[in-house]
Amino acid sequence: MSARFEPITGRYMHLDLFGRPHRIYVEEAGEGTPLLCLHTAGSDGRQYRGLMNDARVTGNHRVIAFDMPWHGKSSPPAGWHDEEYQLTSAQYTTMVLEISAALGLDRPILIGCSIGGRIALHLALEHPESFRAIIGLQAGAHVDPYYDLNFLHRADVHGGEVCGAIVSGLVGPDAPDKERWETLWHYMQGGPGVFKGDLYFYKLDGDIRGRVAQIDTRRCPLFLLSGEYDYSCTPEETLAVAKSIPGCEVTIMKGLGHFPMSEDPQAFMTHLLPVLEKIAGN
Amino acid sequence: MIETLQQRVNDDQGLVRRGRYLTTSFLLEVGATPWLISIFEGRIVSVTRGPFVMPSSSFALRASEQEWQKFWSRRPPPGSNDLLALIKRRTLKAEGNLQIFMSHLRYFKEALAKLREGAAA
């Protein structure tokens, strides 16, 4: 059997973030309008492999995904071994804006899922001029903790096993096994305490309930897409956010769960392509 | 139906292998009916129906019969498709030494899903 290469290329970017040097892994594919992709908590940019391998997207978009510091092939900053990782709204905002600027992106389309969908709401509110459109996947304004987060990082519970098992039910029932277990594998590969540290943003620091209605979609169009089977950010929560923001367009994706772009790329594309067409038409 | 859990789990070699370091007893409460389930190195050795006078168990999973029926239906609706979905909706209570439950979360999710209609043994 002959080898086949995907059209994705990866590079390591060295960039100072929050006053410290970072080594950040960035992948991209395609040419055209930049489409900057944000992965979920405890995972990495591989979640966007479907978009980067789909010519309907890459034919007219430069699709870019970076692994957040501590995730995937990006390193934690020097000194990490004596720290507890905790993601904050301020850090996350800075990270997205500075990486986008370092890549020289001109008002990219932003797409983010889960914590990426939450920060997408923050960015839509605070930095609408930096993006030509924002797509929030599984984006809610707040999620209350529904299990003891300490189980995600304690030496007598295997971190990879528990992170994969915690999120396994968030994958929709129709996801192909190959993509379902690829998605869960990414969770099983996370470093100790990283998923938990991301959830500090998702469940505590990143609560935007009080301000989400101030998003002005005339300054930056906002599209929200959520999977029917997501019990972390439920369709009801996404619909409530959409209802509170004039001009926000919302789609509930039947059969899909919390990781639409990764758990079932083909099904997700039927929902994403019309949104990208609409953004291109604007 | 709950009695079939023993064979359904023990017939799944992969599940038993993943549970090879798991030896415990837990209570499964379906409405008012408690079941004591004992596991030895990943194999279920007994499923006993209550009521009990003084059951010893490491933890308990408690939900109404209606919630379990939805969880065990062939295609559970959103919010009923996973133990954590039930916990999120506060309809399943997990109580006791949850380190055992959480350290083997995949095992317990997959074992209890064995009771789903149409699930392969």
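The values are calculated or read from the model by the stated rules, or taken from the named source; none is laboratory data. Predicted model only: the values in this text are computed from it and were never measured. Every residue, glycine among them, receives a Cβ derived from its backbone with ideal geometry; neighbour counts consider all protein chains shown.
Among the residues of the stretch A:1-22 satisfying the criterion of being in contact with a Lys or Arg (Cβ under 9 Å, 6 or more places away or on another chain) and assigned to a strand (DSSP E or B), which is surrounded by the most Cβ atoms within 10 Å (Cβ to Cβ)?
Start the filter on the stretch A:1-22 by keeping residues that are in contact with a Lys or Arg (Cβ under 9 Å, 6 or more places away or on another chain), which leaves A:6, A:8, A:10, A:12-15.
Next, from what is left, pick out any that are assigned to a strand (DSSP E or B): A:10, A:12-15.
Working: A:GLY10: 15, A:TYR12: 12, A:MET13: 14, A:HIS14: 9, A:LEU15: 18.
Among them, the one singled out is A:LEU15.
Residue-by-condition table, conditions (1) in contact with a Phe, Trp or Tyr (Cβ under 8 Å, 6 or more places away or on another chain); (2) among the aromatic types (Phe, Trp, Tyr); (3) under 16 Å from A:LEU137 (Cβ atoms):
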site	(1), (2), (3)
A:MET188	no, no, no
A:VAL194	yes, no, no
A:GLY197	yes, no, no
A:TYR202	no, yes, yes
A:ASP205	no, no, no
A:GLN214	no, no, no
A:ARG218	no, no, no
A:PRO221	no, no, yes
A:LEU239	no, no, yes
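Among the residues in the stretch A:185-203, are any under 27 Å from B:LEU105 (Cα atoms), touching a strand residue (DSSP E or B) at 6+ places or on another chain (Cβ under 9 Å), in a helix (DSSP H, G or I) and in contact (Cβ under 8 Å) with a residue 60 or more places away in the chain? Give the steps one after another, and end with the answer.
Initial filter on the stretch A:185-203 (under 27 Å from B:LEU105 (Cα atoms)): A:185-203.
Subset that is touching a strand residue (DSSP E or B) at 6+ places or on another chain (Cβ under 9 Å): none.
So far as the stretch A:185-203 goes, no, none of its residues is under 27 Å from B:LEU105 (Cα atoms), touching a strand residue (DSSP E or B) at 6+ places or on another chain (Cβ under 9 Å), in a helix (DSSP H, G or I) and in contact (Cβ under 8 Å) with a residue 60 or more places away in the chain.
Within the stretch A:128-151, can one find any residue that is farther than 21 Å from A:GLN91 by Cα, assigned to a helix (DSSP H, G or I), in contact (Cβ under 8 Å) with a residue 40 or more places away in the chain and among the acidic types (Asp, Glu)?
no
Can you tell me which of A:MET261, A:MET253 is within 14 Å of chain B (Cβ to nearest Cβ), at pLDDT 95 or above and within 20 Å of A:GLN47 (Cβ to Cβ)? Step through it out loud before you land on a result.
Numbers: A:MET261 fails: within 14 Å of chain B (Cβ to nearest Cβ).
Matching residue, one of A:MET261, A:MET253: A:MET253.
Within the stretch B:89-115, track down each residue that is surrounded by fewer than 20 Cβ atoms within 10 Å (Cβ to Cβ), within 11 Å of chain A (Cβ to nearest Cβ) and under 10 Å from the mean Cα position of the chain (by Cα).
The answer is B:LYS109, B:GLU110, B:ALA113.
Scanning the stretch A:140-170 for residues that are over 21 Å from B:LYS93 (Cβ atoms), modelled with pLDDT of 95 or more and more than 9 Å from every other protein chain (Cβ to nearest Cβ), which turns out surrounded by the most Cβ atoms within 10 Å (Cβ to Cβ)?
Per the criteria, the residue is A:CYS163.
Residues in the stretch B:64-88 that are within 11 Å of chain A (Cβ to nearest Cβ) and either in contact (Cβ under 8 Å) with a residue 60 or more places away in the chain or closer than 16 Å to B:MET1 by Cβ (or both): how many? Quick ask: steps written out before the conclusion?
Here is the first cut: in the stretch B:64-88, the residues within 11 Å of chain A (Cβ to nearest Cβ) are B:71, B:74-88.
Filter again for either in contact (Cβ under 8 Å) with a residue 60 or more places away in the chain or closer than 16 Å to B:MET1 by Cβ (or both), leaving B:71, B:74, B:76.
Qualifying residue count for the region: 3.
Please identify the pairs in which a residue from the stretch A:254-268 that is of a type in the set (Lys, Arg) has its Cβ atom under 9 Å from the Cβ atom of a residue that is in a helix (DSSP H, G or I), counting only partners at least 6 apart or on another chain.
A:LYS254/A:ALA267
Show me the strands (runs of 3 or more DSSP E) found entirely inside the stretch B:9-104 where at least 3 residues are closer than 30 Å to A:LEU256 by Cβ.
Working: elements: B:24-30, B:33-40, B:43-49, B:59-63, B:93-96.
By residue number, no strands (runs of 3 or more DSSP E) qualify.
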